[in-house]
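The values are calculated or read from the model by the stated rules, or taken from the named source; none is laboratory data. Since the structure is predicted, the reported quantities are computational estimates derived from the model, not experimental observations. Please note: Cβ atoms are built from the backbone with ideal geometry, for glycine as well, and neighbour counts cover all protein chains shown. To get the accessible areas, we keep the full protein, side chains included, count just its heavy atoms, and leave off ligands, DNA and RNA. Shrake-Rupley method; radii C 1.70, N 1.55, O 1.52, S 1.80 Å.
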Amino acid sequence: MIRVRPPFPSPIYPPPLVPPSSPSFLSPSHWRLQLTFASYQRPSAEECPTSSAPRRRRLRWWRWRRRRRRRSSGSCQGQQADPFGGPPARRGAAPRGPMAMNYNAKDEVDGGPPCAPGGTAKTRRPDNTAFKQQRLPAWQPILTAGTVLPIFFIIGLIFIPIGIGIFVTSNNIREIEIDYTGTEPSSPCNKCLSPDVTPCICTINFTLEKSFEGNVFMYYGLSNFYQNHRRYVKSRDDSQLNGDSSALLNPSKECEPYRRNEDKPIAPCGAIANSMFNDTLELFLIGNDSYPMPIALKKKGIAWWTDKNVKFRNPPGGDNNLEERFKGTTKPVNWLKPVYMLDSDQDNNGFINEDFIVWMRTAALPTFRKLYRLIERKSDLHPTLPAGRYYLNITYNYPVHYFDGRKRMILSTISWMGGKNPFLGIAYIAVGSISFLLGVVLLVINHKYRNSSNTADITI
């Protein structure tokens with residue numbers, strides 16, 4: 001683009017070297033010289049040579065300045081380079097049009113050279129390093145049919161056997177689920193829905209078609225129970241659960257409205273503790289004779305070790321019994337008994353009760369299961385739960401029909417991959433099958449186009 005020199009004297013543009021009346025005014029060499037001068041601002045007195053210097057020497061000086069600025073590390077901070085190769089424009093300066101440049105008095109007041117003499121030039125240009133200038137060595141694979149097709153086939157041949165193995169392992173896990181909500185009129189626990197029947201005990205008979213080998217885990221499951229609600233998750237006092245004496249008598253405000261009751265602090269406080277699952281489940285085996293045999297249910301060892309020994313602790317009290325340590329507190333509103341009476345075993349009582357610890361670890365989904373008891377294998381010669389008839393004795397205390405919830409009891413064995421979960425095996429089989437199918441399709445396409453175009457590979 002060509003900038004037209006303004007008719008008035010300007011501190012930006014130097015005076016023309018040839019008067020307009022000269023016959024060489026319109027010569028191309030003169031306009032190239034004029035463009036060279038118009039691309040720059042007037043330098044300061046220290047930088048410019050004396051006005052009496054010859055014209056050719058001045059032109060060489062300006063060319064040297066232009067080459068030096070192009071090789072420099074960058075312009076001053078906050079400035080932008082001139083698109084015509086001149087010095088960077090100052091911040092706030094108006095953009096120069098294609099045929100003329102706007103005059104800005106503020107630039108003239110704040111002006112001066114782009115960088116102060118003797119000062120260090122500040123730039124926004126990245127450092128001249130291999131990393132910031134993206135000159136590091138790189139490797140870019142060339143995807144051809146000869147490299148892509150084996151990858152698809154290898155993925156398919158690896159994933160399909162792994163998926164089959166995981167799926168078969170998951171199917172070998174024994175699991176039975178018994179719903180005892182009692183909303184159906186024919187259910188034995190339907191009578192327990194009435195609030196007038198307290199306590200309510202119901203019995204459900206069931207049959208194990210196959211024996212359960214190894215350790216058997218008993219879970220209780222709830223549906224439509226949103227433990228992941230934000231206010232519900234925050235409604236607890238971890239300092240109180242860790243045995244802090246001050247937090248025991250003055251719980252956190254996060255526990256509201258289950259912080260105090262009857263002008264006494266609640267221990268443990270909060271909505272999570274107040275809604276603790278409190279049904280009692282007992283399992284009996286009906287043998288050949290009519291006399292049922294109880295199944296031993298282990299209630300210790302169901303919580304995480306870190307929860308049992310680090311996060312949950314009873315208040316300090318030395319040799320005092322647990323009731324004295326919780327003196328001055330009251331039980332949660334929905335509990336039937338205080339926290340120091342959860343178990344007769346002192347190593348499983350109070351805040352370190354494992355049923356309580358398991359419940360306090362909130363679930364992420366509204367349908368969940370939590371470990372209730374452990375049935376250990378006694379002998380390698382006999383199964384833990386032989387096939388036969390059983391019945392489940394339930395002390396029905398936990399109402400769920402108010403929020404359309406469901407309750408169930410689950411008996412399950414485990415394997416090296418955990419509990420029963422066929423999804424992982426199905427996912428491996430699906431991914432492996434899709435990969436193998438894509439390999440076959442691409443192989444057919446490659447064979448067709450290779451014969452038609454007489455090429456060895458086609459680039460993907």
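Within segment 417-431, can you find the residues that are outside any helix (DSSP H, G or I) and either open to solvent by 70 Å² or more (accessible area, probe 1.4 Å) or on the phi < 0 side of the Ramachandran plot (or both)?
M417, G419, K420, N421, listed by residue number.
K337: modelled with pLDDT of 90 or more and either among the acidic types (D, E) or open to solvent by 20 Å² or more (accessible area, probe 1.4 Å) (or both), yes or no?
So K337 passes the test.
Does segment 340-369 hold any residues that are part of a helix (DSSP H, G or I), of a type outside the set (A, V, I, L, M) and under 16 Å from D237 (Cα atoms), and which are they?
G350, F351, F356, W359
Results for (1) of a type in the set (S, T, Y); (2) open to solvent by 20 Å² or more (accessible area, probe 1.4 Å); (3) at pLDDT 95 or above; (4) in contact with a Ser or Thr (Cβ under 6 Å, 6 or more places away or on another chain), shown as yes or no for each residue.
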position	(1), (2), (3), (4)
M276	no, yes, yes, no
S290	yes, yes, no, no
K308	no, yes, no, no
N314	no, yes, no, no
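Could you grab me the full set of residues in segment 187-206 that are of a type in the set (V, I, T) and surrounded by fewer than 14 Cβ atoms within 10 Å (Cβ to Cβ)?
Correct list: V197, T198, T203.
Regarding I414, is this residue open to solvent by 70 Å² or more (accessible area, probe 1.4 Å) and among the aliphatic types (A, V, I, L, M)?
yes
Which of the residues belonging to segment 376-396 are part of a loop (DSSP other than H, G, I, E, B) and open to solvent by 50 Å² or more (accessible area, probe 1.4 Å)?
E376, R377, K378, D380, L381, H382, A387 - these are the residues of segment 376-396 that are part of a loop (DSSP other than H, G, I, E, B) and open to solvent by 50 Å² or more (accessible area, probe 1.4 Å).
For every residue, the table says whether it meets (1) open to solvent by 80 Å² or more (accessible area, probe 1.4 Å); (2) in contact with a Pro (Cβ under 9 Å, 6 or more places away or on another chain).
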| position | (1), (2) |
| --- | --- |
| F217 | no, no |
| H229 | yes, no |
| Y232 | no, no |
| D238 | yes, no |
| D244 | no, yes |
| K253 | yes, no |
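Are any of the residues in segment 348-368 touching a residue at least 40 places away in the same chain (Cβ under 8 Å), within 19 Å of W305 (Cα to Cα) and open to solvent by 60 Å² or more (accessible area, probe 1.4 Å)?
yes
Residues being farther than 25 Å from P366 by Cα and touching a residue at least 24 places away in the same chain (Cβ under 8 Å): count how many of those fall in segment 205-243.
Selection size over segment 205-243: 14.
Could you please let me know if I142 is part of a helix (DSSP H, G or I) and more than 30 Å from N397 (Cα to Cα)?
no
Can we say A303 is within 41 Å of the chain's Cα centre (by Cα), surrounded by 14 or more Cβ atoms within 10 Å (Cβ to Cβ) and assigned to a loop (DSSP other than H, G, I, E, B)?
Details: within 41 Å of the chain's Cα centre (by Cα): yes; surrounded by 14 or more Cβ atoms within 10 Å (Cβ to Cβ): yes; assigned to a loop (DSSP other than H, G, I, E, B): yes.
Yes; evaluated as a whole, the condition is true for this residue.
Output the number of the condition that R373 fails; it satisfies all remaining conditions of (1) open to solvent by 80 Å² or more (accessible area, probe 1.4 Å); (2) not in a loop (DSSP other than H, G, I, E, B).
(1)
Which of the following residues is within 42 Å of the chain's Cα centre (by Cα) and open to solvent by 80 Å² or more (accessible area, probe 1.4 Å): E177, E209, E184?
Criteria check complete, one pass: E177.
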